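Worksheet: one structure, shown below.
The values are calculated or read from the model by the stated rules, or taken from the named source; none is laboratory data. All of these numbers come straight from a predicted model, not from anything done at the bench. In this analysis, Cβ positions are derived from the backbone assuming ideal geometry, glycine residues included, and neighbour counts consider all displayed protein chains.
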Amino acid sequence: MVGGGRGAFIGAVHRHAAALDGLIELVCGAFSSSPEKSIASGDDLMLSPDRCYGTYEEMFEKEKNREDGMDIVAIVTPNHMHFAPAKMALENGFHVVCDKPVTFSLEEAEELKKIVEETGLLFALTHNYTGYPMIKHAKYLINEGKIGKIRKVVVEYQQGWLSYSEEKSGENKQANWRTDPAKSGKAGAVGDIGTHAENLAEYVTGLQISELCADLTAFGEGRVLDDDANMLLRFNNGAKGVLHCSQIANGEQNGLTLRVYGEEGSLHWKQEVPQYLTHKTIGTQQIYQPSVGELSDVANHNTRIPFGHPEGYLEAFANIYKNFATTVSKTMNGETPNEFDLDYPKIEDGIRGMEFIDAVIKSGEDSTWVKM
């Protein structure tokens with residue numbers, strides 16, 4: 001692991017998710033830009049002292065020469081520190097799992113894609129919301145034509161944790177770097193949660209956003225990056241859409257919601273109650289749940305426990321790791337991964353996310369339509 005040391009939120013999430021299915025073991029790490037904090041963080045996790053590294057460069061150099069060296073690197077740093085360790089990991093023979101957005105800029109993402117292709121190694125991006133069983137089933141239903149041709153997509157991601165200027169206190173590490181363009185990049189809420197909404201909409205529908213028109217605002221006093229965004233979407237099949245994301249929606253917690261409307265019906269899903277997928281038509285309504293009734297093979301593949309025991313955020317996150325770990329293992333053993341194994345976000349999804357950020361920022365300058 002690179003990053004994710006003491007005080008980091010997402011590092012612990014990655015560790016729990018990676019460990020859930022017993023397929024991955026954490027063996028080493030460079031957990032902080034501070035060598036002292038990195039080594040102390042490794043000690044917290046009860047790693048062998050000789051595998052708690054002060055820098056990721058040292059870790060890659062030493063691990064590639066060990067007979068029991070690591071196979072996969074998980075990168076869980078702020079956005080500006082994704083590209084360099086991902087590049088070096090791939091060039092030293094390690095498969096990579098990276099938090100989103102994939103890099104600091106589109107140019108870095110395109111260069112990273114070339115390195116992935118040149119090395120032939122595997123790369124996963126943790127757009128974890130695609131891991132929910134009911135999201136898998138929604139994608140299946142659309143592929144099977146159950147709601148007909150898609151006409152409209154509405155996706156929103158509402159949070160309220162930046163309703164006040166948390167970054168001004170200097171005590172909120174997440175607020176500090178996520179509102180800092182030197183670490184977050186050119187986008188705030190759009191890069192942090194808007195990319196999740198974009199990815200979820202494209203993953204489930206199988207469509208791509210072809211054009212968008214955005215209205216961006218920074219409501220926080222003195223805040224440089226957007227904390228609220230509203231946009232109109234046009235998809236490559238002629239469908240229309242709305243995407244709005246906010247981190248100043250006071251009272252909201254983690255309100256990611258997707259609605260897809262077709263000629264013959266619609267699908268509705270909310271991340272805060274992820275075990276329910278509702279299929280509606282003018283005269284009927286059906287609610288799907290994991291392990292209840294006949295579900296698609298892909299939904300069952302990504303379900304772990306019996307009905308009545310809802311699976312949540314960590315399980316969905318773990319599905320990314322499970323599928324990636326199985327793909328890596330089979331590849332290393334000369335076997336061919338199947339379609340379920342390969343069902344995880346890849347570098348191409350990262351490219352789409354960075355293209356989305358660039359298009360939104362460009363459109364937000366004067367609220368004009370911009371092509372993706």
Residue match in region 96-105 (condition: more than 17 Å from the chain's Cα centre (by Cα) and either at pLDDT 95 or above or assigned to a loop (DSSP other than H, G, I, E, B) (or both)): no
For region 339-369, what are the residues that are crowded, with 20+ Cβ neighbours inside 10 Å and either at pLDDT below 95 or more than 16 Å from the chain's Cα centre (by Cα) (or both)? Asp341, Ala359, Val360, Ile361, Ser363, Gly364
If the Cβ limit is 6 Å and pairs must be 6+ apart or interchain, which residue in region 285-297 that is free of Cβ contacts under 8 Å to residues at least 60 places away in the same chain pairs with which residue that is of a type outside the set (S, T, N, Q) and in a loop (DSSP other than H, G, I, E, B)? Ile287/Tyr276; Ser291/Pro306; Ser291/Phe307; Val292/Phe307
Residues being touching a Gly at 6+ places or on another chain (Cβ under 9 Å) and either part of a helix (DSSP H, G or I) or at positive phi (or both) - total across region 107-140: 5
Give the residues of region 212-246 that are surrounded by fewer than 21 Cβ atoms within 10 Å (Cβ to Cβ), of a type outside the set (A, V, I, L, M, F, W, C) and within 15 Å of Val154 (Cα to Cα), sorted by residue number. Asn230, Arg234, Gly238, Lys240, His244
Can you tell me how many residues in region 257-295 are part of a loop (DSSP other than H, G, I, E, B) and over 22 Å from Leu314 (Cβ atoms)? 9
Going through Asp50, Asp21, Asp68 one at a time, which residue ends up being at negative phi and part of a helix (DSSP H, G or I)? Asp50
Go through (1) assigned to a loop (DSSP other than H, G, I, E, B); (2) over 26 Å from Ala138 (Cβ atoms); (3) of a type in the set (S, T, N, Q) for Gln253 and report which single condition fails. (2)
In region 160-191, which residue that is of a type in the set (S, T, N, Q) and assigned to a helix (DSSP H, G or I) is surrounded by the most Cβ atoms within 10 Å (Cβ to Cβ)? Ser184
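Condition check ((1) more than 23 Å from Thr103 (Cα to Cα); (2) exposed (fewer than 15 other Cβ atoms within 10 Å of the Cβ)) across all residues:
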| residue | (1), (2) |
| --- | --- |
| Ser33 | no, no |
| Ser38 | no, no |
| Ser41 | yes, no |
| Asp50 | yes, yes |
| Glu61 | no, yes |
| Asn79 | no, no |
| Phe83 | no, no |
How many of the residues making up region 1-31 are in contact with a helix residue (DSSP H, G or I) (Cβ under 8 Å, 6 or more places away or on another chain), crowded, with 17+ Cβ neighbours inside 10 Å and among the basic types (Lys, Arg)? 0
What are the residues in region 220-241 that are basic (Lys, Arg) and not in a loop (DSSP other than H, G, I, E, B), if any? Arg234, Lys240
Quickly run through region 199-225 and pick out the residues that are over 16 Å from Gln247 (Cα atoms) and not aliphatic (A, V, I, L, M). Asn199, Glu202, Tyr203, Thr205, Gly206, Gln208, Ser210, Glu211, Cys213
So Lys136 passes all but one of these: (1) without any contact (Cβ under 8 Å) to a residue 60 or more places away in the chain; (2) charged (D, E, K, R); (3) surrounded by 24 or more Cβ atoms within 10 Å (Cβ to Cβ). Which condition number does it fail? (1)
Could you go through region 208-219 and let me know if any residue there is outside any helix (DSSP H, G or I) and more than 21 Å from Phe356 (Cβ to Cβ). yes
Could you check region 293-331 and list, in sequence order, the residues that are of a type in the set (Val, Ile, Thr) and over 18 Å from Val204 (Cβ atoms)? Ile305, Thr326, Thr327, Val328, Thr331
